[in-house]
Amino acid sequence: MKMEFNQPLSGNDMPRFGGFASMMRLPTQADAEGLDVAFVGVPLDIGASNRSGARLGPRQIRDESRMIRPYNVATRAAPFESLQVADIGDVPINTFNLLKSIDIIEKFYSEKIVSHGAIPLTLGGDHTIALPILRALAKKHGPVGLVHIDAHADINDDMFGEKIAHGTPFRRAVEESLIDGNRVVQIGLRGTGYSAEEFDWSTQQGFRVVPAEECWYKSLTPLMAEVREKVGDGPVYLSFDIDGIDPAFAPGTGTAEIGGLTSPQAIEIIRGMRGLDVVGCDLVEVSPPYDPFGNTSVLAANLLFEMLCILPGVRYDEKVKAIY
């Protein structure tokens, strides 16, 4: 019996500006039972240190995903002919308590996604959420590799004396053996710091650090060959902070830094992860109040679709030689 895969609601069946506002106008359900991939929102920004608003990110990303069609014309990926995908809604965080929210997120991912064998594609939310997601994934996979796109390394030991915030998740992840430092790449780091040795801790853990300056004026396709070799064949997680992209393209974020990646470079990074054992992805730190035109959320929604297209099991048109 041929399996029927969920399909995004077509713009020919319902106008793009109508219908329900799920991710890509996909069907919704309460958990990831029966799914290969689950889109899930985490509307949390109480871990943010500067501008708030990322709590509104999941809702606007979903809204701005309404123009995305089911086929990737550039890569010939057909994810909705290959995988069962749905939107399972938002994690019901406690907006008055960050530490309780961390526990809620970990439990939600463990019980409602990972236990069903589905791959989470997360709509953030500030970057604090990467820690509980990695905790849930590590229970199944052990320490995972990490490809981390960001303006900031997020390896602070603490912020205002707190060990958990959006600037600390990857230090905690190393300490808790959630990620394998020898299989980590950080891309797009830049901006001012508190010392000239701002990123030394990362390299001491075995991370490959790619400052934004290494990415200027060039395609990142060659870099991704190095990334694939670095992370190898084991499970790998993709964590994409929208502020990794220059604010000229993505102004709607809480901690903007000039000199960042371009939108095409962001696509090259994601497409360059095709063939890896990707066990989860996130797109975080979209803050709609700082982009009244919604362009940041349009970009975020499309990058999430690109993430879907490189997941294990996605069918490609075999008649066409893959570019990526």
**OP:** Express the carbon and sulfur contribution to the solvent-accessible surface of segment 1-97 as a percent, rounded to the nearest whole number, probe 1.4 angstrom.
**Re:** 52 percent
Subject >> Rel. contact order, % - alpha carbon contacts under 8 angstrom, at least six apart, segment 40-184 >> reply: 27 percent
Original post:
How many percent of the alpha carbon pairs in segment 12-92 exceed a separation of 14 Å?
Top reply: 68 percent
Original post:
Can you give the net charge of the other residues whose Cβ lies under 10 Å from the Cβ of Glu106, counting K and R as +1 and D and E as -1?
Top reply: +1
**OP:** Quick one: work out Rg over Rh on the C-alpha atoms of segment 28-146, Rh as Kirkwood radius.
**Re:** 0.98
**OP:** Please report, in cubic angstrom per residue, the volume enclosed by the convex hull of the alpha-carbon atoms of segment 147-218.
**Re:** 91 Å³
**OP:** Considering only DSSP beta bridges where both residues belong to segment 211-324, give the percentage that are antiparallel (nearest 5).
**Re:** 10 percent
**OP:** Return one whole number: the accessible area per residue of the chain in Å², for a 1.4 Å probe.
**Re:** 43 Å²
Subject >> Cleavage-rule hits, chymotrypsin sites (Phe, Trp or Tyr not before Pro), segment 187-229, DSSP coil, Cβ neighbours within 10 Å at most 15 >> reply: Tyr194, Trp216, Tyr217
Original post:
How far is it, in nm, from the label point at Ala196 to the one at His116 when both lie 7 Å from their Cα along the line to the Cβ?
Top reply: 5.3 nm
Original post:
Over the chain, what relative contact order in percent results from Cα pairs under 8 Å that are six or more residues apart?
Top reply: 22 percent
Original post:
Can you pull the percent of segment 195-302's accessible area that's carbon plus sulfur, 1.4 Å probe, other chains left in place?
Top reply: 56 percent
Original post:
Which net charge results for the neighbourhood of Ile88, defined as the other residues with beta-carbon distances under 10 angstrom from its beta-carbon, given Lys and Arg at +1 and Asp and Glu at -1?
Top reply: -3
Original post:
GluC sites (Glu not before Pro) within segment 189-219: which are DSSP loop residues with at most 14 other Cβ atoms inside 10 Å?
Top reply: Glu197
Subject >> Percentage relative contact order, segment 152-191, counting C-alpha pairs under 8 Å, at least six apart >> reply: 38 percent
**OP:** Before rounding to the nearest 500, sum -39500 (n - 2.57) across all DSSP H runs of length at least 4 in the chain and divide by the residue total; then give [θ] at 222 nm in deg cm²/dmol.
**Re:** -7500 deg cm²/dmol
Original post:
Which Cα, out of Ala74, Leu304, Gly193, lies furthest along the positive dipole direction of the chain (beta carbon charges, K/R +1, D/E -1)?
Top reply: Ala74
Original post:
Evaluated at 20 °C with a viscosity of 1.002 mPa s, what Stokes-Einstein diffusion coefficient in µm²/s does the chain have when Rh comes from the Kirkwood expression over alpha-carbon pairs?
Top reply: 110 µm²/s
Original post:
Based on the alpha-carbon gyration tensor of segment 255-324 and its eigenvalue square roots a ≥ b ≥ c, which shape applies: rounded if a/c is under 1.5, prolate if not and a/b is larger than b/c, or oblate?
Top reply: prolate
Original post:
To the nearest 20 debye, what is the magnitude of the charge dipole of segment 139-278 about its Cα centre, counting +1 on the Cβ of each Lys and Arg and -1 on the Cβ of each Asp and Glu?
Top reply: 540 debye
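The values are calculated or read from the model by the stated rules, or taken from the named source; none is laboratory data. Small disclaimer: the values here were computed from a predicted structure and weren't measured. With ideal geometry, Cβ positions are generated from the backbone for all residues, glycine too; neighbour counts draw on all protein chains shown. Heavy atoms of the whole protein, side chains included, go into the accessibility calculation; ligands, DNA and RNA do not. Shrake-Rupley method; radii C 1.70, N 1.55, O 1.52, S 1.80 Å.
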